[in-house]
Amino acid sequence: MMTQFAETLNAVARELVFPLRVLSVVLQIIVVTLLLSIAVALLSLPPSGFLVLVWIVSAIGILVVLPYLFRSLMDYLECRARDRRPEVAGLERFSVFENTWSLFPIVLAGVAGWGMYRSALVDSAIGSWLILLFGLAILPAVLCVLAITHSPLQSVNPLSLWKLIHRMGPSYAVVPGVAALLLVVYLAFPDVPAFYDILLLLYLAFALFGACGAAIRPFDIIDDIEIAPDESAGEERRRAISDAQREKQLTHAYGFASRGNTAGAVDFLVSASAEEADPIAAREWYFSQMLRWEDNFAALKFAQTIVHEHLAAGYDVAAVKLILRCRLLDPRFAPLSEDLDAAIAAAEACQNPDLAKVLRISR
């Protein structure tokens, strides 16, 4: 437990300076700071007929830049959770309708800001402090669950938040502590022109999101399958979660095969495939990945089970195509003995007499 806490603390501490080591992040911070500071400066000018148009353009500019910023922050969190350097930002991040889930932190900031504003109106310092402390305590969990699921609904689901915090244990306390520290740094910074104020704020934002990613890195939960995405998460993320689960199963099967237990590897993947909604699609995915192994023997043995499923389901064309593909890898490949008659019939139905002849010989 203490080892994980120390590992989390060390990973999070390194994130406080990591943004300065990535040129793409530094450039993003500078460019976004420049755009926002110009917009703020224009909005602060005294009113006049011409400046009304300038205000409108500036407001539109802010509405375009903010989605770009928050998409970049969420991408940054995911990259640091996987211990990868963030990629160069693309123009698609300026789209209002691309990856809308990543804009949910704007909603959270708006809700927290409104709550503190209402507390200030009624002169309730206690209310403002409670909102601030609650936000510092729960925000890291919300951001991490959002990165894992790509689902705003799951990110505020108490059950999902509890699963994350329970999984991390005492190590979770590191991130709220760092968030509080960054807030103190920002508030203690002396009054400076808007450009430098925004520059500092953006740097601290990247440091916080990076700290969130680093905090969950030791627990290997960025592709967690227990904190499952719901229907709002998007097909791409659900597919990523499924592939992450399959990768773990494939690694386990490789352990069998590498020790000479090919039958164990095949049986394990057959069993894992049977638990999925589309077992045949799962087996085809495993087969394509197994072909990357040093030896194709296990992959070809596994292909026999796919051919069996194709023939049993009446997918003659798919079965014949797979047999031909496997015979290119190993001319000795043949379906399971109990499938030979069905395979021969499928080859004949697909107008492939040569394959039917070869399969008859191997019978």
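In table form, for the structure just shown:
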| item | result |
| --- | --- |
| Carbon and sulfur %, accessible surface of region 122-199 computed with the full protein complex present, 1.4 Å | 77 |
| HIS150 accessible area, 1.4 Å probe, all protein chains in place, Å² to nearest 10 | 30 |
| Hits among lysines - C-alpha to C-alpha of LYS357 under 20 Å, sequence gap 8 or more where chains match | LYS321 |
| Isotropically averaged projected area of region 151-211, using the convex hull of Cα atoms (one quarter of hull area), nm² | 5.2 |
| Solvent-accessible area of TRP285 with every protein chain in place, 1.4 Å probe, in Å² to the nearest 10 | 40 |
| Surface accessible to a 1.4 Å probe, per residue, for the residues of the chain, Å² | 53 |
| Packing-based order for 266-277, 188-199, 300-311, using average beta carbon neighbours within 10 Å, highest first | 300-311, 266-277, 188-199 |
| Theoretical gain in end-to-end length, ASP83 to GLU247 [0.36 nm per residue, Cα-Cα removed] | 57.2 nm |
| 20 °C / 1.002 mPa s Stokes-Einstein diffusion coefficient of region 8-48, Kirkwood radius on C-alpha pairs, µm²/s | 171 |
| Rounded to 10°, Cα long-axis angle of helix 235-258 versus longest principal axis of the chain | 50 |
| Cα-only Debye scattering, the chain: base-10 log of I(q)/I(0) at q = 0.09, 0.10, 0.12 Å⁻¹ | -0.68, -0.77, -0.95 |
| Within the accessible area of region 251-363 (1.4 Å probe), percent carbon and sulfur | 53 |
| The chain - mean residue ellipticity at 222 nm from DSSP helices (-39,500 (n - 2.57) per run, n ≥ 4, rounded to 500) | -24500 deg cm²/dmol |
| Residue list for region 109-134, given a label point 7 angstrom along the Cα-to-Cβ vector of LEU63 and an amide N cut-off under 17 Å | 110 |
| Rh (Kirkwood; distinct C-alpha pairs) - region 278-363, Å | 12.7 |
| Spacing of the two label points (7 Å from each Cα toward its C-beta) at ALA13 and ARG360, in nm | 7.6 |
| Highest-fluctuation residue, PRO67, PRO353, PRO158 considered, GNM on the chain with Cα pairs under 10 Å | PRO353 |
| Which of PHE297, PHE189, ALA281, positive extreme of dipole for the chain (C-beta unit charges) | PHE189 |
| Lys, Arg +1 and Asp, Glu -1 on Cβ, resulting dipole of the chain about Cα centre, debye, nearest 20 | 580 |
| Cα-based reach from LYS163 at 22 Å (exclusive), listing lysines while leaving out same-chain residues under 8 positions away | LYS248 |
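The values are calculated or read from the model by the stated rules, or taken from the named source; none is laboratory data. Computed from a predicted model, the values in this text were never measured in an experiment. Cβ sites come from the backbone with ideal geometry, for glycine too, and all protein chains shown count toward neighbours. Accessible surface areas use protein heavy atoms only, side chains included; no ligands, DNA or RNA. Shrake-Rupley method; radii C 1.70, N 1.55, O 1.52, S 1.80 Å.
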